[in-house]
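Each remark here refers to the structure printed beneath this line.
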Amino acid sequence: MGANASNYPHACSPRVGGSSQAQQTFIGTSSFSQQGYGCESKLYSLDHGHEKPQDKKKRTSGLATLKKKFIKRRKSNRSADHAKQMRELLSGWDVRDVNALVEEYEGTSALKELSLQASLARPEARTLQKDMADLYEYKYCTDVDLIFQETCFPVHRAILAARCPFFKTLLSSSPEYGAEIIMDINTAGIDMPMFSALLHYLYTGEFGMEDSRFQNVDILVQLSEEFGTPNSLDVDMRGLFEYMCYYDVVLSFSSDSELVEAFGGNQNCLDEELKAHKAIISARSPFFRNLLQRRIRTGEEITDRTLRTPTRIILDESIIPKKYAKVILHCMYTDIVDLSVLHCSPSVGSLSEVQALVAGKPNMTRAEEAMELYHIALFLEFNMLAQEKATVIKPACATELSNSCLLPQS
């Protein structure tokens with residue numbers, strides 16, 4: 001015998017004792033049509049006592065509505081405070097000043113959007129690790145040859161000495177340029193590919209190849225005992241920048257002697273030289289790399305090697321001001337842009353600063369310095385610095401725009 005739902009007056013009618021005052025339990029979904037009302041009721045909770053579901057729903061919705069009103073009132077109060085502050089700020093302003101403020105805010109918003117689009121379209125900048133990997137692969141400006149198992153490995157003395165105590169001691173015994181050093185390694189199982197991977201690790205901090213022997217703890221311990229354990233790449237490169245061991249190039253800056261005399265300055269102060277390594281500047285900047293390769297083709301490099309003097313590169317300070325040179329070099333060695341060195345010492349001046357003082361021009365703002373450094377980085381094709389300065393220019397410009405709008409213009 002089948003049972004039809006139409007035989008029941010209500011899908012959720014009382015089932016215990018037939019009393020309408022009994023406890024009711026509502027579960028699931030029920031559909032009914034009674035006394036001319038056609039509706040569908042969904043009940044997902046347990047309801048006890050005399051309170052009907054509709055009454056509870058109304059009470060709950062009423063509390064929720066009241067809560068929303070309170071929240072809306074608080075939000076409106078906060079908005080009113082901001083509006084009040086803005087009205088007080090602009091109460092004494094001229095209409096033209098208010099319009100200029102609106103334009104500044106619109107320009108800042110457009111600059112933010114442009115920055116986002118440029119960041120998405122910009123190619124990834126080459127890091128120090130990637131440039132060091134190319135330096136080891138393409139052998140720019142090498143100055144010593146390591147001979148291992150009758151194979152020659154052209155390398156850079158300064159980098160190996162900074163990264164590995166073993167090579168620091170070994171290379172100190174052969175200081176001449178282009179020295180050939182025969183490698184005698186005591187660690188067993190080191191063949192030519194593994195030796196090349198060890199050199200790659202000293203340049204980049206990574207072995208650059210998959211070899212199960214590098215997972216062997218015993219071999220790694222033996223290598224550590226013989227070669228020493230290097231620091232991280234950034235730590236050793238920072239030390240190389242600070243101490244400039246085995247430097248082989250100096251950067252000089254041309255200046256106007258008449259302007260120096262008019263300013264009462266010191267020629268040596270304005271022509272201060274900065275030490276560097278050919279390997280680093282050629283790896284990080286195609287401009288310096290092409291410049292050094294041209295010197296090799298013209299024979300100028302041979303003269304420097306014969307005299308055992310560092311190569312001198314003279315830069316036009318009207319194009320590359322000296323005050324930015326140390327920032328650029330620091331970034332080449334560490335991938336960090338440190339603008340604090342621009343104002344760390346009053347004795348470190350540049351031709352552009354002298355010209356500005358003589359002409360009575362005010363000091364450059366942070367945004368102007370960042371913009372000038374950005375253009376220098378583009379000239380040197382130093383993409384890491386260019387992209388870093390692009391990220392600095394935008395917030396600096398936005399800050400200056402905001403500061404210029406704090407007070408109405410007279």
| task | Just need a number here: residues in the range 298-315 that are open to solvent by less than 100 Å² (accessible area, probe 1.4 Å) and within 15 Å of L251 (Cβ to Cβ). | result | 6
| remark: Expected output for the range 102-115 (first residue more than 19 Å from L90 (Cα to Cα), partner among the basic types (K, R), Cβ below 9 Å, 6+ apart or cross-chain) is L111/K394; K112/K394; L114/K394; S115/K394
| the range 224-249, subset among the small types (G, A, S) and either assigned to a helix (DSSP H, G or I) or touching a Lys or Arg at 6+ places or on another chain (Cβ under 6 Å) (or both), residue least open to solvent (accessible area, probe 1.4 Å) | G239
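Look at the range 99-124 and say how many of its residues are open to solvent by 100 Å² or more (accessible area, probe 1.4 Å) and not hydrophobic (A, V, I, L, M, F, W, C).
5
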| List, please: which pairs have Cβ atoms under 8 Å, are six or more places apart or on different chains, and start with a residue in the range 157-174 that is without any contact (Cβ under 8 Å) to a residue 24 or more places away in the chain and end with one that is surrounded by fewer than 21 Cβ atoms within 10 Å (Cβ to Cβ) and among the β-branched types (V, I, T)? | L170/I181
| In the range 274-297, the residues that are surrounded by 24 or more Cβ atoms within 10 Å (Cβ to Cβ) and at pLDDT below 95 | none
| said: I'd like to check something: does the range 211-223 contain any residue that is closer than 22 Å to I281 by Cα, part of a loop (DSSP other than H, G, I, E, B), open to solvent by less than 60 Å² (accessible area, probe 1.4 Å) and not aromatic (F, W, Y)? | reply: no
| task | Could you name every one of the strands (runs of 3 or more DSSP E) located completely within the range 128-209 that has at least 2 residues being surrounded by fewer than 20 Cβ atoms within 10 Å (Cβ to Cβ) and within 36 Å of the chain's Cα centre (by Cα)? | result | 151-155
| said: Against the definition (open to solvent by less than 80 Å² (accessible area, probe 1.4 Å) and either over 22 Å from R126 (Cβ atoms) or modelled with pLDDT of 85 or more (or both)), how does F263 come out, yes or no? | reply: no
| remark: Those residues of the range 204-255 which are among the hydroxyl-bearing types (S, T, Y) and in contact with a helix residue (DSSP H, G or I) (Cβ under 6 Å, 6 or more places away or on another chain) amount to T204, Y246, S255
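The values are calculated or read from the model by the stated rules, or taken from the named source; none is laboratory data. Everything numeric here is computed off the predicted structure, so don't read it as measured data. Cβ atoms come from the backbone with ideal geometry, glycine included; neighbour counts cover every protein chain shown. These area figures cover heavy atoms from the full protein model, side chains too; ligands, DNA and RNA do not enter into them. Shrake-Rupley method; radii C 1.70, N 1.55, O 1.52, S 1.80 Å.
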